[in-house]
Amino acid sequence: MLQEFFKRVASGEIPPPLIHVKYELIVTDDEDLIAEISIARNFQNDVANISIAGRRGQLDELEESLRKKLPDVKLRKSETQLSDDYISTERLLQVIATLVPAQLWPRTDERENPNKVYTYSMKAKCLKEFQDIFRKAHDKRDPEHQTAKDLYQFYLDIAAEALELYEKWKGHQGFAGSGIRSITREGREIIDVPDGIIFPILASLSAFAKKTPQGWTIKAPKVFKDEELIRAAKSVYQNIAGHNPWVMGKSRACYASLYQITSIYQRLSD
């Protein structure tokens, strides 16, 4: 219809309509202001939180830290970046939040027993938490600045290792012969372990978080073996979660049971 209309106007068949376009020109070299204007003036579409975080530069240092160890990695910073060339930022932040050690846990009333159940299914909350941590870590006037700065540094230090740990456990061949039906296999090869099983395991590994001169890392004692954690995960999967990975990912009891095992190993190694 539009093409036909423009042809008729061009041929003189109908007069061109009077069109008035309202625009506002803002000239600035303030990058932060540019980002805020871009977000605030987008009236046509709701801007996804991931795009807001990306436009505000809140993901730049995280991507930079990732690429120091994994140079080919590209972090998703916009809802339009949907190809397999980008890793899921929300999933990465979920995994990092799961790995946060007790001494850095942002809710001080939970530090003795952090409740990490939400990290499994609430990706929007994990992203919002990271945005809050970023803001406080970069604002020296904020009363929680130093605490947030320490936690933010953990996110940066552990990012690449968190991604590698997640991918390792998603396809951990130690689950072969476990009899867990919800695991995807090709023959005897483990292809995919459900996140509901993976997240309580990752949360338990936070007991092994150590700060070194090179930054934070997850370092298990030499006597610790993955196989023991897999056996424990199978037990809570069957006896607490009723063979349901979704229930396991949402059960605080499953997280606590696995964390108890790794924390014992950690105490014995200290």
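What follows is calculated from the coordinates using simple rules that are stated; it is not laboratory data. This is a predicted model, so every value here is computed, not measured. Heads up, the Cβs are rebuilt from the backbone with ideal geometry, glycines too, and the neighbour counts pull from every protein chain shown.
Taking chymotrypsin sites (Phe, Trp or Tyr not before Pro) as exposed when DSSP calls them loop and at most 15 other C-beta atoms lie within 10 angstrom, the chain has its longest site-free stretch at 87-270. Within straight-line reach of K128, meaning a Cα separation under 22 Å, sit the following lysines at least 8 residues removed in sequence or on another chain: K74, K77, K116, K136, K140, K149, K250.
Split the chain at each of the GluC sites (Glu not before Pro) in a DSSP loop with at most 15 other beta carbon atoms within 10 Å, and the longest piece is 145-270. Shape of the chain from the C-alpha gyration tensor: prolate (a/c of 1.5 or more and a/b above b/c, with a ≥ b ≥ c the square roots of its eigenvalues). By the count of other C-beta atoms within 10 Å, a proxy for reagent exposure, R185, R91, R107 are ordered fewest to most as R107, R185, R91. Against the main long axis of the alpha-carbon atoms of the chain, helix 252-269 sits at an angle near 60°. With the simple model of a label 7 Å out from the Cα in the direction of the Cβ, N239 to K222 spans 3.1 nm. Rounded to the nearest 500, the helix-only mean residue ellipticity at 222 nm of the chain stands at -16000 deg cm²/dmol, with each DSSP H run of n ≥ 4 adding -39,500 (n - 2.57).
Counting only alpha carbon atoms, the long axis of helix 123-137 and the longest principal axis of the chain meet at about 80°.
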